[in-house]
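Accompanying notes for the structure given below.
Values quoted throughout were computed directly from the atomic coordinates according to the rules given, and no laboratory measurement underlies them. Quick caveat, the model's predicted, so the values are computed rather than measured. Backbone-built Cβ (ideal geometry, glycine too); neighbour counts: all protein chains shown.
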Amino acid sequence: MVALLLVLVVVLALLGAVHWYVWRRLVRDVTAAGGLARRLGTAVVVALPLFSLAALVSSRAGAPFLFQQTVAWPGFLWLAVLLYLVLALLVGEAVRPLLRARTGRRAAAPAPAEPASTPAPAEPAPVTPAPSEPAAADPVSASPSVAGSRESELSRRLFVSRVVGGSAAAVAVGTVGYGTYGVLRGPRVKRVTVPLAKIPRAAHGYRIAVVSDIHLGPILGRAHTRRIVDSINATQPDLIAVVGDLVDGTVEDLGPAAEPLARLRARHGSFFVTGNHEYFSGADAWVDHVRELGLRPLRNARVEIPAGFDLAGVDDVAGESEGQGPDFARALGDRDRARAAVLLAHQPIVVHDAVRHGVDLQLSGHTHGGQLWPGNYLAELANPTVAGLERYGDTQLYVSRGAGAWGPPVRVGAPSDITVVELASKQA
């Protein structure tokens, strides 16, 4: 408990420092002290992280679903904007001195001289007698004004701060806007061919539509599910695999959003395994609900597919806290190893268990491909494969980037996908 509190304090202190930095560069440095613009900017920088905190905890706290929806959009989008604001502002720190020096040189450059012209002959001017005493030089006109110099420096600083701050804001908002459009538009279909030595000739070309991380919640709802179902059905798959993290919320709140899943169509049916987020949302209730919608849950279980291979599924490792974690012996222990085995498992980290149990192909999700660059580098530290197809011993692992998004409905550098995995027989 003490360690958890310490981590919480460190995280809050870090968030506070980041927001102070953003306030300084985007509010204090570009507005007049005491002005309306500064007061409004300060209020926004204080309010947005409060929305983010509410969005993060409201679901776990059992807040009314309407409240979750109200705080989710501004709260989660601000987290994405904040990430790219900070990255852009840090780049701006390197540009700032160069821009300031350039504007300083322009200000210090002398005005171009007027072209010389030949004066026309004129009558000699009358001679004026010189005064008996020379006039004293005016000190203001004889030297640059200190006040004017300071004002010029402040003006340059304000100009540079506004250019850097405005550019950073434009980059962040543009990046997040495009990433949001990509999520709300819906996932694109990818096609991957996977050769398996044990697949019979009759199963050559067998198509499995893999979808993961749909993340229905206060932002992504029924329309999101409908787009995914339509995309999957359009591929005319032989089998559909929903590999976890379907929801971020309870059946009571999100049951209607999941209803379009009942329209999934495949020759050998649709199958489902739990992800870690199901255990935050009531895994047993969701397993019952997807069964009512026509999907077949595989909870540490296996089924023989008529095409000539075994399909197995294991519960997510997050279920271990509830006594419902993966049980490979139960799912795969007594099978005929002469037959190919395809395993549905939400998290790629169980691939080493899959290798030990003779799995030929594991289909997973969970990583989102990093979702928000540079998050892919962090995802690489926690997962053997972040996205795509890789081999571990005799087992091939395919990891989907997922069809939705967790938290911010934004993807940058990791577009959402539905993957049609086509099995290829080496006997064909």
Open item on the list: What is the sum of charges, Lys and Arg at +1 and Asp and Glu at -1, for the other residues whose Cβ falls under 14 Å from the Cβ of residue 413?
Closed with: 0
Task: Summed side-chain charge close to residue 195 - residues other than residue 195 whose Cβ falls under 12 Å, Lys, Arg +1, Asp, Glu -1 - done: +1
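Using the scaling law 2.2 N^0.38 Å as the reference, what is the normalised Cα Rg of the range 188-425? Display every interim value, and only then the final one.
Values: Rg = 16.2 Å, N = 238, 2.2 N^0.38 = 17.6 Å.
Cα-based Rg divided by the globular estimate yields 0.92.
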Task: Extension reserve of the residue 32-residue 163 stretch, reckoned as 0.36 nm per residue once the Cα distance is removed - done: 45.6 nm
TODO: Take every DSSP beta bridge with both residues inside the range 188-425 and express the antiparallel ones as a percent of the total, to the nearest 5.
DONE: 30
Task: For the chain, calculated [θ]222 nm from helices alone, where every DSSP H run of n ≥ 4 adds -39500 (n - 2.57) - done: -14500 deg cm²/dmol
TODO: Specify the residue with the greatest mean-square fluctuation among 77, 36, 239, computed from a Gaussian network of the chain linking alpha-carbon atoms under 10 Å apart.
DONE: 36
Task: Percent of alpha-carbon pairs separated by more than 20 Å within the range 254-312 - done: 29
Task: Sites residue 173 and residue 201 - FRET efficiency at Förster radius 60 Å, r taken between beta-carbons, to 0.05 - done: 0.65
Task: At 0.890 mPa s and 25 °C, Stokes D of the range 326-428 from Kirkwood alpha-carbon radius, µm² per second - done: 168
Open item on the list: Could you list 193, 250 so that the one with the fewest beta carbons within 10 Å of its beta carbon is first and the one with the most is last?
Closed with: 193, 250
Open item on the list: Need one number: nm distance between label points at residue 291 and residue 355, each 7 Å from Cα along Cα→Cβ, rounded to one decimal.
Closed with: 3.5
- [ ] Report the net charge of residues surrounding residue 94, where surrounding means a beta-carbon distance below 15 angstrom and charges are Lys +1, Arg +1, Asp -1, Glu -1.
- [x] +3
- [ ] Run the numbers on the chain and let me know its relative contact order in percent, using alpha-carbon pairs under 8 Å that are six or more apart.
- [x] 18
- [ ] Work out the length of the dipole vector of the range 188-425 about its Cα centre, built from +1 on the beta-carbon of each Lys and Arg and -1 on the beta-carbon of each Asp and Glu, and round it to the nearest 20 debye.
- [x] 1040
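Give the value in nm², to one decimal: projected area of the alpha carbon convex hull of the chain, averaged over all directions.
Taking the Cα atoms of the chain, their convex hull projects to 35.2 nm² on average.
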Task: Unit charges on C-beta of K, R, D, E only; dipole of the chain, Debye - done: 800
TODO: Nearest 5 is fine: what % of DSSP beta bridges in the chain come out antiparallel, could you say?
DONE: 30
- [ ] Enumerate the residues in the range 400-428 having an amide nitrogen under 20 Å from the point lying 7 Å beyond the Cα of residue 394 toward its Cβ.
- [x] 423-428
Task: Residues 336, 417, 316, 394 arranged by fewest to most Cβ contacts within 10 Å - done: 336, 394, 417, 316
Open item on the list: Test of understanding: in a Gaussian network model of the chain with alpha carbons linked when under 10 Å, which of 92, 282, 393 would top the mean-square fluctuation ranking?
Closed with: 393
- [ ] Identify which of 102, 335, 302 has the largest mean-square fluctuation in a Gaussian network model of the chain, with springs joining Cα atoms closer than 10 Å.
- [x] 102
TODO: Would you order 315, 29, 238 from fewest to most other beta-carbon atoms within 10 Å of each residue's own beta-carbon?
DONE: 29, 238, 315
